[in-house]
Structure formats: C-alpha cells, structure tokens
Amino acid sequence: MTIADLLKQMPDVRFCSVVRLNGKLVSSPRFQETRIPDNAVIYLLPLVAGG
Amino acid sequence: MGPVKLNEVKTVSYDRAEVIKGYTDRSLHINLTGNDIRIDAIDAAVKDKFIGGKGYDLWFMWQAVQGATKWNDPENALCISAGPLGGTPGYPGGGKSIVTTISPLTGAPIDSNVGGYFGPYKKFSGFDVITLTGKADQDIVILIDGIESRIKIFNAADLPDNAYDLSEALTRYFDEEKPVNISVVTAGPGAENTYFGCLNFSWYDAGRKRVRYKQAGRGGTGTVLADKRIKAVVARYGAVSMKSNQPADLEALKTVTKTHAKEIHELDGKQNRMALVGTTHLVPIMNDHDCLPTHNFKFGSHPEAAVIGEDVYEHIFDKGFDGCWRGCAVACAHGVKDFSPFTGPFKGTRVFVDGPEYETVAGCGSNLGIFDAHTILEINFYCDAYGLDTISVGTSIGFVMECFENGLITTEHTGGLELNFGNRYGTLELIHQMAKGEGFGAIVGKGIRQMKQIFADKFNADPGFMQDIGMESKGLEFSEYITKESLAQQGGYGLALKGPQHDEAWLIFLDMVHNFMPTFENKAEALHWFPMFRTWFSLCGLCKLPWNDIVPEDNKDTKEPAKVMKHVQWYADFFSAVTGRETTPDDLIAMSEAVYNFQRVFNLKMGYGTREHDTLPYRAMGPVTVEEYDSRRDRYDTQLTDTYGMDISGMDTAAKVAALRKERESQYEQLKDAVYDRRGWTRNGIPTKETVQRLGIDFPEVLEVLAENGIQ
Ligand code: SF4
C-alpha cells in the first residue's frame, strides 16, 4: 500500500501534504510512489505553516 | 580577549515604574548627540491605539523622523520594545523584542521580531519602549540597569569587534556572578560596512554556561546601530516570574499558559519535531514541493538537498534545552558546539554556532549551490559574529553568482573571485570582505538594489535582465521561498509593508498545494487576515511559531483550519488575562489593522507606500530564462494551453516565456486591485480617509500625509 492509497481511505485529509513515515518526512509529490512497510508508524502532518 | 575597559560618561538614576497588567506606561529616549536621557509617560490614547511592541515603536519613530529623514541622519530612531505580553515565562514564544528603524536598504520603516531576553528585561527595568536617536562622537555602550535603577552611558575603546566575543565579554563584565541577569544587543563589523547589518540579542544559557544569541535580521537595523556608534545596549534585570507582568488575572494566565505548553509538549514530536530539528524540517519539504530557492531562485529543488536538511542537522545540533525565551516549550533555537571554522579570524578555534534555521540553510546553501552542512554552519557563524543578515547575504550572493555565470560581471570586477554557484570558499571570502568593507564584498554589502545600479553604470551590465533576476522588492532582499506557482504568496511578498519577508503572510501551501483560495477575492481575504493576525504577535512581544507550527489534533475538523482558531482564542485569553481588557479573536485583528494601516501611511510619509512600490522582479512570478522554462516545460506548457487557451504548437521556448509572462504579470496586477479593495485602500495602494477614520488613526498628521498624496 502506498501513502496515496492510505490517504484515499481516510476521511477529510485535505490538509495533509506531508507525512512522517517511520520518522522520515514524505511530501505529497511522493505519496504515489512511497510504499508503507509493515508495522510502520505514520503521522499525518497538518498543513505546514512555514516561516 | 583582554579585560573590558569602559569609561562612564553619564549616569541617570530613576524611579523604576512598576509593570502593571503588562505595561510600565513609560518610554525611555536616549539622544546620543549630547547624551540626553529622557523618561516620558505614555499617553493612554497611544496605549489604546498602538497596543505596544511594533505599534509603540512606529508611533515613537513617527514622532522622531521627518519625511526627508535618511537612515543615517541623526534623527533616525532605532526603537526597541517588548509588548504587554512579552516576558511571560512558560508561555510558548512569550518573550520577543521588536526593533524598528528607517532602513538603509528601503528608506522606509523596517521591523524585526527577535528572541533573546533584552525586550522583557528592558520592560521589567521600567520601559515599554526605548528610542535611540542622535549619534555619538565615539564608540559607546548603554546600560539599562533595572536592578539598580540606573541608566549609564560609557565610552568604550578596545572592545572586541565581533558580536560573538563582545556579547560574552559584556555579559561577564556587567554581572559576573549572575550572567543570566544580562542581555546584550550588539551588531558587529559587517553591520558597520554593509547596508544589511543585523542585531544580535543575547541570553545566557545557564545549562551550557554560555552566551547565546538570536538575530533581528532584516533591513539593516544593525547598520543603524553601528552608524550611531553604539557598540552595545545592555539590559540587566533579576528574577522573572509569571507575576512580573502583574497580570490582571494570574490564574487565567496560568491556565492558558499550561494548556498551550502542554499541547506543544504532546504534539511537537508527532508533527514538525522542532524541539529536535528547529526549522530545518522545512528544507526537504520545500525541496519536494519545488519551493526551495536554488541557484538564485531559478529552480525550486535540487537532488542534493537532503544533505542540508533535518536528517543531517538533527545529528549535528547540540542536545539540550533551546528556548530563546524562558521555558518556551517549542525550544527550537538550536546550535552547534565545538565547531571549527576553516576560514577567517576564528579559523582552527572552537566556537558555538547559534543556528542554522531554515532561512539560512536555504539562502546560504541551496540558493548558492552549496550543499554542505558544515559550510552553511560557517557562513551562519560569521554572519552572526560580523552582524550580517543571513537572508540578505544569501539572496545577494545568489544574484552575484548568476550575474557572474552570465558574464554580466567577471573576475575583473570581483577581484579575481570565481563566483560560480557552489563556490564555498568564494562565498566565505566575500563575507569576510563585507565585514571589512573591502574589495568586491564592499559592493555586495550594499544589497541588490544598489548592486543593480553599480553593475549597470560601471560594468555595463544589462539592467533589464538584472531587474528580472535581482530578488529584491522595495530594496529588501527576498526571504527564502519560491513563489512562482503561488500567486497568493507573490502578494504575500510584494504587498508586505517592509518588503519581501514571509512574516506577514505565508500562503504557499494553502494556495499552491491545497488550492484553497482559487479566486482573487479568496486570495485578497487571506492577504488581509493573515498579515493582520501575524502583525499582532509583534504588537504584543510574542513569537509566531507556536501559533501554527504545532496545531491541535482536531484542527482539521474546525471551520477554518488554516487560521488555527483554537490557538487564536488562546491568544485572546492570554491578552485578556494579562491586560484585563476582555478580548475576542476579532479584537486581535482590529488592533493590528490600525497599526498596519499606520505603517502603510508611514511608508507614504517617507516617499513610498504606493502601488509602484509593490512591484516584484519577474523571477518571483515565473520563469525568466529559457533554461528555467525548459526545466518545468510540462507544467508551463499545460498552463499556456489549458489555463490560458493558447495554441503553442508554433511557438519556440522564448515565445512561450514571453506569453506566460504577459499572463502572470497581469494576474499580479489584478491581485493588487483585489487586495487594495479588501484593505480599504485606493487603487494606488493608499488607505482611504474612511479607512483611517474607521480604524481611529485619523490623527491630523496622518490626514496631512494622505492629503499630500491626493486623499481628501
Ligand atoms: S518558538 Fe522557537 S523562536 Fe519562538 S520563542 Fe520559542 S524557541 Fe524562540
């Protein structure tokens, strides 16, 4: 399963453009290509506020 | 470093005003031409309208300067304030100082919001705001001693030149036993010799037993300090607690402080991990979204960006508590210990580097083609020690490198330096030259606006191309975000009062990534609300980061997630608890709107503040060169065909660049109209009479400036 697949299954993730997958940042342009390994810990980061 | 020798030339004892509900209601004015020291009561009407912090700074600056005042005229004022909420230990981000002055780069008011303990210590010493005017005839140090209730001016000879040693020496000199009682504001030799000198605001890190500092970076505040021949301003104060502000409702203050701090402790680890990596988490995120300035903002990403991001700095940063204010739960002000520079006067020694933050990594790293975490640390260290703004340094050198690579300037002009992208030794050499005011560095230190003129006049460089690629607006160098695909953020930069700094509005994600503001009206609304709310932090003496860099877990379920309204409500509660003035979130916006519009009129007073000054270099809007267009050909081709309905089959790339430019420039002008309408300004970008009346800033002097500009 990719991050994009996971997000499709979740309600209201409009603000999710970055996730932290096993401690590493993954941004939305890479959601399609990034597979989620077994037993992964994943946090959906809220909109990145910046500055 | 020899012993510090200071010669006292003036001492004034004063009755220390109590801080009541966040205010001392006193201002301190020091005119260095004649060493005149004056303490005034602050009028209740001024307090009501200008709130404190940046509001007070601007009000007192307005009184000090004329429309014709230049940055280096004696009457230019350097103002420092804390704000009524500033100095609340434990409230995340609860202790910032705000500096304003007429900027050497822009000729208009500049403001900077900075950490360190100076602002709170100065307030608890009895003064909501200090103004420094005039010029000393030799180097001086000013002490505001809130423990002994004395203000002293010293003549200073043979002090260390650099801010790193100077802050340490003065901290020890003024309170050897309790260095934590001292905060020092210094600049450095780079501030003397460039137009983008910064100020270093210190605090004593009791855990590491050393002096640390944060920078009021933007717009040359350090240059003004140096021009007045002030080597340092020192505040001395003792223990600070939640009671120090004598809040109107201590229990309510404790409750809101605990609530906000607890949330940060619980969520930061799951979100941006700022307590571990500061703002360096933004490097890979910006890179992935094509927003990381690379090679003078030409591109938005680079394959090597990972080596200058959070993964690397997390391991380099020294572990320990890193709040630039007491008890700040975000604790994002990281540093590196035992760093050994490989160039310059500190070569081979071991130093502590405060930083880097995202802006420095992007500006002095990727933007210069330098993908080396240690070189960025060295640039960071020397910029701070010399008193140079890392953002202006990075953006200016990026411009120089692109001019060099395009043959607009050559080694004949640079004194033999091969200033190609990626040249880390050349970059460091330029910085050392800036500090001494020597060689080609002396020209670079004047900033991009002046460089464009010098390169055109003296080196015969193409002014049109330099206008397109020189990343400055209003004379201030851009901070470090690529805005080509976010019209709203183009407005965030171009319509910012002081110039292109992201602290007014940061809308890239909402606009470009999420597409939450598809219409001009949506963007204009955002370019009203966000600058107003962000302004409020500087009125009150707070840091903006705890507002939206860590957000509640249920934030996404709220009506307006981008505004993080739960936190906005906490800030209203915070304001009510300290000042006793019952406050709602809407009130916070109204407070800022008055000050914001006053600053716009201030720009007008100084000869700026109209539509023509809200312009951007085209690189902020779209691809300037064929190379740039080709690097994102699919994206731009699709826009020309799908968004603008063009047939591009017969067009070469140069024609496409021109076609896209026409559309994007026109969009930006439409955005200006929409924002001016929303803000209650004329189409020339001037607040109308009705607007200043509605906001209660229709003072005679404001109306006079408006009338001089055709607003009756
Ligand atoms: S959030 Fe970071 S920058 Fe802001 S006050 Fe806290 S430590 Fe300083």
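Specify the residue that is farthest from B:GLU628 (Cα to Cα); the eligible residues are those in the range B:262-287 that are within 23 Å of the chain's Cα centre (by Cα) and in a loop (DSSP other than H, G, I, E, B).
Across the range B:262-287, the extreme among qualifying residues is B:ARG273.
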*Would you check if B:PRO531 is modelled with pLDDT of 95 or more and in a loop (DSSP other than H, G, I, E, B)?*
no
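Let's see how each residue does on (1) within 12 Å of chain A (Cβ to nearest Cβ); (2) of a type in the set (A, V, I, L, M, F, W, C); (3) surrounded by fewer than 22 Cβ atoms within 10 Å (Cβ to Cβ):
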| site | (1), (2), (3) |
| --- | --- |
| B:LEU510 | yes, yes, no |
| B:ASN515 | yes, no, yes |
| B:PRO518 | no, no, yes |
| B:LYS556 | yes, no, yes |
| B:PHE574 | no, yes, no |
| B:VAL578 | no, yes, no |
| B:THR584 | no, no, yes |
*Within the range B:539-561, identify whether any single residue is under 11 Å from B:ALA505 (Cβ atoms), away from the ligand (no atom under 16 Å from the Cβ) and not aromatic (Phe, Trp, Tyr), and answer yes or no.*
no
*B:GLU560 fails exactly one of the following numbered conditions: (1) surrounded by fewer than 24 Cβ atoms within 10 Å (Cβ to Cβ); (2) within 11 Å of another protein chain (Cβ to nearest Cβ); (3) among the acidic types (Asp, Glu). What is the number of that condition?*
(2)
*With B:ASP311, B:ASP290 as the choices, which residue is among the charged types (D, E, K, R) and either part of a loop (DSSP other than H, G, I, E, B) or crowded, with 20+ Cβ neighbours inside 10 Å (or both)?*
B:ASP290
*asked:* Looking at (1) within 24 Å of the chain's Cα centre (by Cα); (2) surrounded by 16 or more Cβ atoms within 10 Å (Cβ to Cβ), which one does B:LYS70 not meet, given that it meets all the others?
replied: (2)
*Checking B:PHE509 against (1) more than 16 Å from the ligand (Cβ to nearest atom); (2) over 22 Å from B:GLY363 (Cβ atoms), which single condition isn't satisfied?*
(2)
*Only one residue in B:ASP322, B:ASP318 is touching a residue at least 60 places away in the same chain (Cβ under 8 Å), within 16 Å of the ligand (Cβ to nearest atom) and either more than 23 Å from B:ALA620 (Cβ to Cβ) or among the basic types (Lys, Arg) (or both), so which one is that?*
B:ASP318
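Here's the yes/no breakdown for (1) more than 10 Å from the chain's Cα centre (by Cα); (2) farther than 12 Å from B:LYS270 by Cα:
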site: A:ILE3; (1), (2): no, yes
site: A:GLN9; (1), (2): yes, yes
site: A:ARG14; (1), (2): yes, yes
site: A:VAL19; (1), (2): no, no
site: A:ASN22; (1), (2): yes, no
site: A:SER27; (1), (2): no, yes
site: A:ARG30; (1), (2): no, yes
site: A:ALA40; (1), (2): yes, yes
site: A:LEU45; (1), (2): no, no
*State yes or no: is B:VAL361 within 16 Å of the ligand (Cβ to nearest atom), assigned to a helix (DSSP H, G or I) and crowded, with 23+ Cβ neighbours inside 10 Å?*
yes
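Condition check ((1) at negative phi; (2) at pLDDT 95 or above; (3) within 14 Å of chain A (Cβ to nearest Cβ); (4) more than 16 Å from the ligand (Cβ to nearest atom)) across all residues:
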{"site": "B:LYS10", "(1), (2), (3), (4)": "yes, yes, no, yes"}
{"site": "B:LYS21", "(1), (2), (3), (4)": "no, yes, no, yes"}
{"site": "B:THR33", "(1), (2), (3), (4)": "yes, yes, no, yes"}
{"site": "B:ASP48", "(1), (2), (3), (4)": "yes, yes, no, yes"}
{"site": "B:GLY53", "(1), (2), (3), (4)": "no, yes, no, no"}
{"site": "B:GLY67", "(1), (2), (3), (4)": "yes, yes, no, yes"}
{"site": "B:GLU75", "(1), (2), (3), (4)": "yes, yes, no, yes"}
_Extreme residue, surrounded by the fewest Cβ atoms within 10 Å (Cβ to Cβ), among residues of the range B:325-349 that are more than 16 Å from the ligand (Cβ to nearest atom) and over 18 Å from B:LEU428 (Cβ atoms)_ = B:ASP338
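One line per residue, one yes/no per condition, for (1) away from chain A (no Cβ under 14 Å); (2) over 23 Å from B:TYR117 (Cβ atoms):
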{"position": "B:PHE297", "(1), (2)": "yes, yes"}
{"position": "B:VAL307", "(1), (2)": "yes, yes"}
{"position": "B:GLU310", "(1), (2)": "no, yes"}
{"position": "B:ASP318", "(1), (2)": "yes, no"}
{"position": "B:GLY323", "(1), (2)": "yes, no"}
{"position": "B:ARG326", "(1), (2)": "yes, no"}
{"position": "B:GLY348", "(1), (2)": "yes, yes"}
{"position": "B:TYR358", "(1), (2)": "no, yes"}
*Could you please let me know if B:GLU418 is more than 14 Å from chain A (Cβ to nearest Cβ) and part of a helix (DSSP H, G or I)?*
no
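The values are calculated or read from the model by the stated rules, or taken from the named source; none is laboratory data. None of the values given here were measured: they were computed from a predicted structure. Cβ coordinates were reconstructed from backbone atoms using ideal geometry, including for glycine residues, and neighbour counts include every protein chain displayed.
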